[in-house]
Amino acid sequence: MTGLDRFRDAFLKPELIERYLPDILSGIAVTLQIAVAVVVTGLALGLALAVVRSYGYRLVNAPVIVFVDVFRALPPLVVILIVYFGLPNLGVNIPSFAVLWLVLSLVLAAFAEEIFWSGLISVRKGQWDAARSTGLSHWQALISVVLPQAIRICVPPLTNRTIAVTKNTALGTVIGVGEIMNQGTSAMSLSGNATPLMMAAIAYVAIFVPVVALGSWIERRFAWKKA
Amino acid sequence: MSSLLEVRGLRKSFGGTEILRGIDFSVAAQELVFVIGPSGSGKSTMLRCCNRLEEPTAGHVFVDGVDLMAPSTDINAMRRRIGMVFQAFNLYPHMTALGNVTLALRKVLGKPREEAEAIALAALDRVGLKEKAGNYPSELSGGQQQRVAIARALSLEPKIMLFDEPTSALDPELVGAVLGVMRDLKAAGMTMVVVSHEMRFARDAADRIVFMADGQIVEQGTPAEVFGNPQHPRAREFVAELSR
Ligand SMILES: Nc1ncnc2c1ncn2[C@@H]1O[C@H](COP(=O)(O)OP(=O)(O)O)[C@@H](O)[C@H]1O
Ligand SMILES: [Mg+2]
């Protein structure tokens, strides 16, 4: 056996690829579903919290800031385990995929709120003044004038953070969610070979490279003419 | 009430510092009032209280007889009747000149797109910039940006226009066109309050000069009175400084 063959059999053994492809594919389907759900709810909740914060009511902002700081500080794995193993003791049974979705959404929301917020406050105060002086409400000024300028600044950090958080779907493996990582590790224990994990790695690249591309496309779309 | 703008007992504090210390003044319809005074005397704050961009700590502001402080007053509805022009223009950078002018027409007045654009083009024409409708702010000179900002306010048919140092961010050669537009507005009967140190313009266009120092109005009168024979020591000092 040549060195190349040995390498191939250790990491990309053809018969193992064939045997475990269906498992990995079903893992991809699960990961994609949870990732999309996390991106949608996480970003929406993050934006909503930043918008709420822009109204400047101190009593409302305090809990928002606490939530953001706590969820940015905690390792997602800790929260996932606490929710998954703790809630049933209160009589609340949430399926494992829902726990993963919920926790990662909250984590993404916390980071996204902070990014949207720094985008909002980076827009010069004169933009608010001009919009409000023509009779626009806070909400209208936010939607038509301030947010479009803020989002442009937010897209690159949001893309990075979204990818980082959605990659954490791999943590689902510890609570038995049948996503890519879970499929890959169980196939690895069964076969005693790293091939399924290589397949998992390739699957992650295949999923996340397009997300990066989407991010730069959105970035270009939000750009406007500069002198 | 014959005055279009009436300010009574206006006070404003930031933190513990009182910036406006009891301001009373009124502006009659079609009057052009010039507000002058040293930097930091509260001119901008006073102007911003006149449309409640700044919340007064005490006092009342009436515009066209409506009490801006009354809880029942719809401040957004009133603000479109009070045009404001800023030192830094504050055009929306992500919209064309036309988009800048149509935004409030569409969102505040609920005009359909075509009608809003027709009104906006007429307003841009009034400031001599109809042909720049499709340009973004970054493609316009400072003077042109300021004229678009004036058109943005004008398009809402304000009863009064407030100008906060409209020409002080401009290169000298661009000042004339902006003052020209303001002169046209005056000729068309617009009521205006102008914070500015354009003395030549004040002399030949202003009906009245208001001099502010340390958050109070310490002197007011015709341009000839205030510039020619100032009474208050602070005003005398200021005018002497200006005419040097
Ligand atoms: N938002 C604010 N917060 C705190 N202080 C302010 C604020 N706006 C203005 N001031 C203070 O109020 C004073 C008057 O400012 P301003 O009205 O801008 O004066 P002027 O326009 O006559 O130069 C200044 O000392 C300024 O520092
Ligand atoms: Mg000022």
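Descriptive notes on the structure:
- DSSP bridge analysis restricted to chain B gives an antiparallel fraction near 55%, rounded to the nearest 5.
- The simple spin-label model puts a point 7 Å past each Cα toward its Cβ; for A:HIS138 and B:GLU173 those points are separated by 4.6 nm.
- Between segment B:1-34 and segment A:73-130, the Cα center-to-center distance that results, in Å: 47
- Under 12 Å from a label point set 7 Å out along the Cα-to-Cβ vector of B:LEU242, the amide N atoms of segment B:3-36 belong to B:34-36.
- Karplus (6.51, -1.76, 1.60) ³J(HN,Hα), θ = phi - 60°, over segment B:221-233, in Hz, Gly and Pro reported as x: x, 5, x, 4, 5, 5, 7, x, 8, x, 9, 6, x
- Potential lengthening of the chain between A:THR185 and A:VAL211 amounts to 6.9 nm, from the contour at 0.36 nm per residue minus the alpha-carbon distance.
- Per residue of chain A, the DSSP helices (runs of n ≥ 4 H) give a summed -39500 (n - 2.57) that works out to -26500 deg cm²/dmol at 222 nm.
- Stretching the chain fully between B:LYS130 and B:ARG200 yields a gain of 22.4 nm (0.36 nm per residue, less the alpha carbon separation).
- Within the protein assembly as shown, the proportion of Cα pairs with more than 37 Å between them is 46 percent.
- Annotation: amide H-H contacts under 5 Å for B:GLU54 (H modelled 1.01 Å from N, sequence separation of 5 or more, or interchain): B:CYS49.
- Acute angle (nearest 10 degrees) that the helix B:97-107 long axis makes with the longest principal axis of chain B, alpha-carbon atoms: 90
- Under Karplus coefficients 6.51, -1.76 and 1.60, residue-wise ³J(HN,Hα) of segment A:42-54 in Hz, glycine/proline x: x, 5, 5, 5, x, 5, 4, 5, 5, 5, 4, 5, 5
- Distance between modelled label sites at A:LYS167 and B:SER72, nm, 7 Å Cα→Cβ extension: 6.2
- Entry note, chain B: the mean residue ellipticity at 222 nm calculated from DSSP H runs of n ≥ 4, each adding -39500 (n - 2.57), is -10500 deg cm²/dmol after division by the residues and rounding to the nearest 500.
- Legend: distances between Cα atoms for A:LYS125/B:LYS43; B:LYS107/B:LYS159; A:LYS125/B:LYS12; A:LYS125/B:LYS132; B:LYS12/B:LYS43; A:LYS125/B:LYS159; pairs beyond 21 Å are A:LYS125/B:LYS132; A:LYS125/B:LYS159.
- Within the protein assembly as shown, percent of DSSP bridges classed antiparallel, to nearest 5: 55
- Computed from backbone phi with θ = phi - 60° and the Karplus coefficients 6.51, -1.76 and 1.60, the 3J(HN,Hα) list for segment A:24-29 is 4, 4, 5, x, 4, 4 Hz; x is used for glycine and proline.
- Sparse-neighbour loop sites [trypsin sites (Lys or Arg not before Pro); segment A:171-227; at most 15 other C-beta within 10 Å; DSSP]: A:LYS225, A:LYS226
- In chain A, taking the dipole from charged Cβ atoms about the Cα centre, the farthest positive-side position among A:GLN127, A:PRO75, A:LEU106 is held by A:GLN127.
Laboratory data are not the source of any read-out in this text; all were calculated from the coordinates shown. Nothing here was measured: the structure is a model prediction, and the numbers come from that model. When we count neighbours, we look across all protein chains shown, and the Cβ atoms used for this are built from the backbone with ideal geometry, even at glycine.
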